[in-house]
1. Output wanted: per-residue J couplings in Hz (rounded whole) for the stretch 77-91, from phi through Karplus 6.51 cos²θ - 1.76 cosθ + 1.60, θ = phi - 60°, x for Gly and Pro.
2. With all distinct Cα pairs included, what does the Kirkwood hydrodynamic radius of the stretch 44-97 come out to in Å, to one decimal, could you say?
3. Search the structure for amide H atoms under 5 Å from the amide H of Y64, placed 1.01 Å from N in the peptide plane, and list their residues when 5 or more places away or on another chain.
4. Can you sort M295, M289 from fewest to most other Cβ atoms within 10 Å of each residue's own Cβ?
5. Between S237 and I251, what is the label-point separation in nm under the 7 Å Cα-to-beta-carbon projection?
6. Can you tell me which of 227-235, 162-170, 245-253, 182-190 comes out highest on packing, and rank the rest after it, using the mean Cβ neighbours within 10 Å?
7. When you have a sec, figure out the Kirkwood radius of the stretch 39-325 from all distinct Cα pair distances and drop it here in Å to one decimal?
8. Stretch S63-F296 to full length: gain in nm at 0.36 nm per residue minus the Cα-Cα span?
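Derivation of every value follows stated rules applied to the coordinates shown; laboratory data play no part. Bear in mind the structure is a predicted one, so any value in this text is a computation, not a measurement. Here the Cβ positions follow ideal geometry from the backbone for every residue, glycine too, while neighbour counts run over all protein chains shown.
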Amino acid sequence: MNIILIYQITPFPYPFGMSQLSQSSKDKSIRLHWLYAVPLPLLEAALLLSWSSGFIGARFSISYAPALLVVFWRYVVLTLLLLPFVYRQILNTPFRILLKNAGIGLLAMVGYMIGVTQGIASGVPAGLAALCADLLPLGMALLAAIFLGERLALQVWLGLLTGLLGVLWVTHNVLGLGHAPIWAYGLPVAGMVSLAVATLWQKRSRASESMGLLPNLWLQCLVAVFAFAFIEGSQRSLAPIPTMGFTLSVIWTATLPTFGGYGLYWICLRRSSATRVATVLYLSPPITMIWAWAMFGEPLSWQMALGMAVSSAGIWMVIRGEASEKTTPPVTDADRPQVPPQH
C-alpha cells in the first residue's frame, strides 16, 4: 500500500486543549522553558519529523493489526502512563472545564478519524479522503473569517493556496472520484471541519478555562479510549494481538508521534500563529515519503521534490504575510486625511 494513502488517514492529537494565555503568563512560560530559546525553524523541523513518524507507525502497524485496534490501544497505554502524573490536577479541575476540554478532544481526536475512515469505508477513494486533512489550514481560515470576523492578509491567503497546490502536486496520482454515494463524500470533509471547529472553539476559550499540557492530553486520550472502544468493539474483539509487531506498533505510535508531535506543536503554537503552524504541516506528505524511503525502500521522485518546493514557497508567503501584518502600524485618526466639515 502506498505510503501517501496512509499518510493522513491516521489522526494526530492536536493541542486543542491549550487555550490562549494572558501576555504575562505567556512571557513567564517563555522564560521558564528552555525550548523557547531554540530557533523556531528548528522546532518546526522537529515537529515535522515527529508528526510524520506517526504516519510511518501506521504504515508499519497495518501489517500486524487493524488500524483502529492499534489506535485504541495507543490511547489506552497513554491514559495509563499519564494518570500518575496528572490525577491531582484532574481532581482539582472544575467539572465544567473538564467537560469542555473533553468535548474539544472528542471533536479533535475522534470526529476527524470517524469522518475520514467512514468515508473510505463508504467508497470514497483513500487519496481523496486524505486530501481533506490538508484542507485544515484553509478550513480554519475560512471558519475564522466567517464566524469570528478574523482577517488575514492577501499574501497569507495566497500562501495557504500555494501550499495546498504543492500537496496536490505530490498526491495527484492517488486522487480519484470513485463510485461512492454522493453523501459519502461529505464525511471526510466533515472530519476536517470537526478538527477546525475544535481549534476555533479552544481559541475562543478564556485563560481561566485552560488545562495543563499533560492533564489535557490525558483527558483527550481518555475520551478517545471510550469512543474507539465503542467503534472498534462493535466490529471485532478489543483484545490485543500477542505479537511483537503489534506491541512495537502501539509503542511507536504512543511515544514519539504523540509526545513529540503534540508537545512541539504546542510550543510552536505559543511562539507563532495557528495559521503558520498548520501551514508548516503542508510539508508532512514529502517528509513522510522520505521516512518511507529510508525505512521501507519506497521510491522517491522529482514530482515529490517539486511539490515540496511549492509547499515551501507557500509557507514562506504565509510567514512573510504575517510578519507584514505585525509590522504595519494601525491607522489612527491622525493618519486619516482631514475632510473639512460640510456646511
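1. Result, ordered by residue: 4, 5, 4, 6, 5, 7, 3, x, 8, 10, 5, 5, 5, 5, 5 Hz.
2. Numbers: mean 1/r = 0.0731 Å⁻¹.
Computed over the stretch 44-97, the radius equals 13.7 Å.
3. Those qualifying (amide H under 5 Å, at least 5 residues apart or on another chain) number zero.
4. On the way: M295 12, M289 25.
Ascending Cβ contact count within 10 Å gives the list M295, M289.
5. If labels sit at I251 and S237, their model points lie 2.3 nm apart.
6. On the way: 227-235: 14.8, 162-170: 21.4, 245-253: 19.2, 182-190: 16.4.
Sorting 227-235, 162-170, 245-253, 182-190 by mean packing, highest first, produces 162-170, 245-253, 182-190, 227-235.
7. Numbers: mean 1/r = 0.0503 Å⁻¹.
For the stretch 39-325, inverting the mean 1/r across all distinct Cα pairs yields 19.9 Å.
8. Details: separation 233, 0.36 × 233 = 83.88 nm, distance 1.25 nm.
Additional length available on full extension: 82.6 nm.
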